[in-house]
Amino acid sequence: MSEKNTLMLGTRKGLVTLKRHGQGWKHHSVSFLGIPVSLTYVDPRTDTWWACLDHGHWGQKLHFSMDQGSTWEEVESPKFPEGAEMKPGVPAVVRYLWAFAEGGADNDSLIYVGTEPGGLFKSQDQGKTFELVSSLWDQPSRPDNWFGGGRDYAGIHSIVVDPRDSNHIYVGISVAGVFETTDGGETWEVRNKGLRADFLPDPQAEVGHDPHLLVACPESPDHLWQQNHCGIFRSVNGGKDWQDVTQEDGPARFGFAVAVDRQDPEQAWVVPAVSDEVRVAVDGALCVCRTDDGGVTWKDLRQGLPQQDCYDIVFRHALSNTGDTLAFGTTTGNLFVSNNKGDNWETISSTLPMIYSVDFL
């Protein structure tokens, strides 16, 4: 199974795997049929596949596969230590597994998981056991300035580990903002300067911002992008300052997903929606917006995408890219792929369940 030739989809009804055949993609397998799979992840250091299951009644479950999805094993899901509270009198219980990241090429045993409520969990034994990173949970700003947006409680949905230094990590928290550690989680700094939170009494408050997704350019990791509740923002200095690169007269404004080119930090993609209040495609027409100049200008990419009577939106983890190929899935079960950086799109399926995440191996 070649690299870049497999797509993993976390969906409302299971983990769906597709394989590339020539220029097309074909259904390969389904795991956990009927169970919501909130997130999938492949650890490139070990080729371990991970699946986060949202059982509802039975809670959050974590499974891994060492044989590319042929068989799966369950490990104990991250748990808050006894006595931890989401707020006074409310015990902290993991309600959602929302982010996953390997700890760095220099430590193939280290794994991070982000949850709702806003817990960052660390495993130092390849996921056999997890412990809460208490230094982030104990941040003084958490009790009063972290809160839920689309979910009941603040959650960590993005974990970005610097490929040059595995002690250097960013997390994106909805709703709180971006936090950075340079010492492996011993201490944290707030990195929200330049962001805007129009829903707060003070839009420039230090904490209380709502990044919908945080990503870094792999070859230029000081270049960060976030699709934010209040626009699109970019940093060229490792999050110390953010610039608003929202399109002034166009659709590239509100949305959830963002992707950045692996080598070119100026090139990024978003999939717009109307607004927080109206979460559907802009003007009933699905488009992907790409910038090739760091957000100075944006292009609307529509060729091959539905342009009327469209209600699709794209969740934060449901856009992925590898080389010139991009793929995204929608809340109505549509899956689209482009082989030329979004200039043209092909519909791979229109009969899938709601799609939560899209990953190239």
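Rule-based calculations on the coordinates, nothing more; no lab input. What you are looking at is a predicted structure, and each value in this text was computed from that prediction instead of being measured. For neighbour counting, all protein chains shown are included, and Cβ atoms are generated from backbone atoms with ideal geometry for every residue, glycine included.
Peptide packing: for 277-286, 170-179, the average count of neighbouring Cβ atoms within 10 Å per residue gives the ranking 170-179, 277-286, highest mean first.
Phi-derived couplings, Karplus 6.51 cos²θ - 1.76 cosθ + 1.60 at θ = phi - 60°, listed residue by residue for region 128-136: 5, 9, 10, 10, 5, 7, 5, 4, 7 Hz, with x used for Gly and Pro. The amide H of F315, built 1.01 Å from its N in the peptide plane, has T331 as neighbours under 5 Å, considering only residues 5 or more places off or on other chains. Computed from backbone phi with θ = phi - 60° and the Karplus coefficients 6.51, -1.76 and 1.60, the 3J(HN,Hα) list for region 350-361 is 10, 10, 7, x, 3, 9, 9, 8, 9, 9, 7, 5 Hz; x is used for glycine and proline.
Among rounded, prolate and oblate, which fits region 136-203 when a ≥ b ≥ c are the square roots of the eigenvalues of its C-alpha gyration tensor, a/c under 1.5 means rounded, and a/b larger than b/c means prolate? Taking the square roots of the gyration eigenvalues as a ≥ b ≥ c, region 136-203 is prolate.
Sparse packing (at most 11 other Cβ atoms within 10 Å of the Cβ) combined with a DSSP loop state is found for the following GluC sites (Glu not before Pro) in region 130-200: E186. Centre-to-centre, using Cα atoms only, region 218-243 and region 89-114 are separated by 22 Å.
Remark: region 57-67, residue by residue, has Karplus-estimated 3J(HN,Hα) of 4, 8, x, 8, 10, 10, 10, 9, 9, 9, 10 Hz, where x stands for each Gly or Pro and the curve is 6.51 cos²θ - 1.76 cosθ + 1.60 at θ = phi - 60°. The GNM of the chain, with springs linking C-alpha atoms under 10 angstrom apart, assigns the highest mean-square fluctuation among D183, D300, D244 to D183.
Amide H to amide H, with H built 1.01 Å from N, G239 comes under 5 Å of L224, counting only residues 5 or more places away or on other chains.
Once C-alpha pairs closer than 8 Å and six or more residues apart are averaged by separation and normalised to the residue number of the chain, the relative contact order reads 11 percent. So how do T46, T71 line up by other beta-carbon neighbours within 10 Å, fewest first? Ranked by crowding around the Cβ, least crowded first: T71, T46.
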